[in-house]
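A.B. asks: Below is a structure I'd like to ask you about.
The values are calculated or read from the model by the stated rules, or taken from the named source; none is laboratory data. Bear in mind that the values here come from a model prediction, so they are computed numbers and not experimental data. Neighbour counts run over all protein chains shown; Cβ positions are idealised from the backbone, glycine included. The area values use the complete protein model at the heavy-atom level, side chains included, leaving out ligands, DNA and RNA. Shrake-Rupley method; radii C 1.70, N 1.55, O 1.52, S 1.80 Å.
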Amino acid sequence: MRQASRMQSIGTESAFEVTARARALEATGRHIVYLQIGEPDFDTPVNVREAAKRALDVGETHYAPFAGIPTLREAIADDATARKGFPVTPDRVFVTVGGKGVMLYAILGLIDPGDEAIVPDPGYPIYESLVRFVGGTPVPIPIRMAHDFRLDVDELASLITPRTRMIVINSPANPTGGVLTRGDLERIAELAQRHDLVVLADEIYGRITYDGTEHVSIASLPGMAERTIVLDGFSKTFAMTGWRLGYAIVPASLVGMYGQLVINTISCAPTFAQIGAVEALRGPQGPVDDMVVEFRARRDLLVDGLNAIPGIRCLRPTGAFYAFPDISGTGLTGADLADRLLQEAGVCVLAGTAFGGVGRDHVRISYANSRENLALALERIGQFVAGLPAPAGAAR
């Protein structure tokens, strides 16, 4: 059957494809350590699950208002006002089916064919995929290890043209764990205002930071709430990936647009899941804090272990739950190493090129797994790398 030509421009999220390959190997009897997926291995907090169960028991199984139930929109507005540092009112909040909905509506509603959107490279691949899908041109801004996995604002400025419509930022970042500083964001804000650009700010990892690192929402800077779409949600912070709940905080000028797009796509997010999300925001926050403490310990275990392996260099991430080591010293590309680690060592990671061309010499490793499994993965990676021939001109 003939498909629409636009299907040739849409990309994918390779974590799911790689997971399928790993599951197939596991089905043959192989033991696999899974470090490829961006999903907390913790269960959703008990109080959140219980709130959703009670909602089901009292019949909260019907349509919700398209923008979200009022109690959740109010809870999001209160939480965002307190944590993100700018006043948010419930009328500017839209509850979506996952954070991807926020991206889709921003790009679909604001990017015309021929428009340009600047996207991080490496970055979450759906940004680029959706820009291409609507007929726009994604323009990559390199995110390099040499710059602490923060974009170079001077380089960003050089990429802006009369066709630029949007800048996409992600901080803390997938896949690098990098965090933009307040100074970075102030300079990005100045560019956005000078060139009349919209900023799509993906803040889904905003509460997962380490070592006193400050998470700053660009929408909190002067003049930016009026031109920023904030993407956030419940998947990462509250270990609610399967609940499929994200949310957008939008400028007043985009309220109508988001409403139309939500109505035309999902109608609404599930009512009982939204009631659980209210409890996530209003209830005890101890489980979130405990999860971040554990992630920090896992980060240190992983990074120290990787840096002890000859040929691998790993920056210590300050946010999210990913490491993005440079593996060029092994003599392999990231894609080759990821494939061989899965096939020969039973360790599933992602090639850095799954997130853009800058990731050629990198792999992404998620430390959303137990310390025991991380230690096992490090042992296997170390043994595999030790068995490789020394790269030309290098001693091993």
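A.B. asks: Restricting attention to the range 45-60, does a residue exist that is within 22 Å of the chain's Cα centre (by Cα) and touching a residue at least 24 places away in the same chain (Cβ under 8 Å)?
C.D. replies: yes
A.B. asks: Also, I was wondering about something else. Quick one: is TYR63 within 26 Å of MET291 (Cβ to Cβ), of a type in the set (Ser, Thr, Tyr) and touching a residue at least 24 places away in the same chain (Cβ under 8 Å)?
C.D. replies: It is false that TYR63 is within 26 Å of MET291 (Cβ to Cβ), of a type in the set (Ser, Thr, Tyr) and touching a residue at least 24 places away in the same chain (Cβ under 8 Å).
A.B. asks: Can you tell me how many residues within the range 169-187 are farther than 19 Å from GLY352 by Cα and either touching a residue at least 12 places away in the same chain (Cβ under 8 Å) or buried (at least 24 other Cβ atoms within 10 Å of the Cβ) (or both)?
C.D. replies: 7
A.B. asks: Looking only at residues in the range 3-42 that are surrounded by 17 or more Cβ atoms within 10 Å (Cβ to Cβ) and in a loop (DSSP other than H, G, I, E, B), which one is farthest from the chain's Cα centre (by Cα)?
C.D. replies: My answer is ILE32.
A.B. asks: Condition (residue is part of a helix (DSSP H, G or I), of a type in the set (Gly, Ala, Ser) and either over 24 Å from ILE143 (Cα atoms) or within 16 Å of the chain's Cα centre (by Cα) (or both)) applied to the range 349-358: is it met by at least one residue?
C.D. replies: Yes, some residue in the range 349-358 is part of a helix (DSSP H, G or I), of a type in the set (Gly, Ala, Ser) and either over 24 Å from ILE143 (Cα atoms) or within 16 Å of the chain's Cα centre (by Cα) (or both).
A.B. asks: Just give me the residues in the range 367-389 being closer than 16 Å to ILE327 by Cβ, open to solvent by less than 50 Å² (accessible area, probe 1.4 Å) and not in a helix (DSSP H, G or I), in sequence order.
C.D. replies: Passing the criteria: only LEU388.
A.B. asks: Against the conditions (1) in a helix (DSSP H, G or I); (2) crowded, with 22+ Cβ neighbours inside 10 Å, where does PRO317 fall short? Just the number, please.
C.D. replies: The number of the failed condition is (1).
A.B. asks: Right, something else. Could you say which residue among ALA146, ALA157 is of a type outside the set (Asp, Glu), free of Cβ contacts under 8 Å to residues at least 12 places away in the same chain and assigned to a helix (DSSP H, G or I)?
C.D. replies: ALA146
A.B. asks: Among the residues of the range 54-66, is any crowded, with 17+ Cβ neighbours inside 10 Å and out of contact with any helix residue (DSSP H, G or I) (no Cβ under 6 Å at 6 or more places or on another chain)?
C.D. replies: No - not one qualifying residue is present in the range 54-66.
A.B. asks: Please determine, by comparing only the residues of the range 69-103 that are in contact with a Gly (Cβ under 8 Å, 6 or more places away or on another chain) and not in a helix (DSSP H, G or I), which one is surrounded by the most Cβ atoms within 10 Å (Cβ to Cβ).
C.D. replies: Per the criteria, the residue is VAL95.
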